[in-house]
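Working notes, beginning with the structure itself.
The values are calculated or read from the model by the stated rules, or taken from the named source; none is laboratory data. What you are looking at is a predicted structure, and each value in this text was computed from that prediction instead of being measured. Positions of Cβ are backbone-derived with ideal geometry, glycine not excepted, and every protein chain shown enters the neighbour counts.
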Amino acid sequence: MAVGILIFGSPAFYLLSFGPACDLCDKGFVSGYALWAFYRPLARVYCSLPISTRNEFMDWINNFRTPRNNFYETPEPLWREWESQHRD
């Protein structure tokens, strides 16, 4: 039972913790580079998604973040991955 919870709970926690982690990064509590290193697998998947799916994912992430001047910037882990892949 406990192993099953661990196997299924860990990926869910990983995905669900990304939005709050981005908010902590925005506020300066967590290094953007450290966050990128930890969430890099998720960031890689994000960069390969179609634009419509990326927009839905960003909407979900932004539920946890504090806007700056009513504008959300791309979370640092995602733009770092985008830059590392040299995409335009």
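For region 32-72, name all the residues that are more than 12 Å from the chain's Cα centre (by Cα) and within 16 Å of GLU83 (Cβ to Cβ).
Once the filter is applied, which keeps residues that are more than 12 Å from the chain's Cα centre (by Cα) and within 16 Å of GLU83 (Cβ to Cβ), region 32-72 yields TYR33, SER48.
Quick one: in region 10-47, of everything that is part of a helix (DSSP H, G or I) and among the hydroxyl-bearing types (Ser, Thr, Tyr), which residue is farthest from TRP79 (Cα to Cα)?
SER10
Please indicate, with yes or no, whether at least one residue in region 21-36 is in contact with a helix residue (DSSP H, G or I) (Cβ under 6 Å, 6 or more places away or on another chain) and of a type in the set (Ser, Thr, Tyr).
no
Name the residue, out of TYR39, TYR33, that is loosely packed, with under 13 Cβ neighbours inside 10 Å and modelled with pLDDT of 85 or more.
Just a single option satisfies the conditions, and that option is TYR33.
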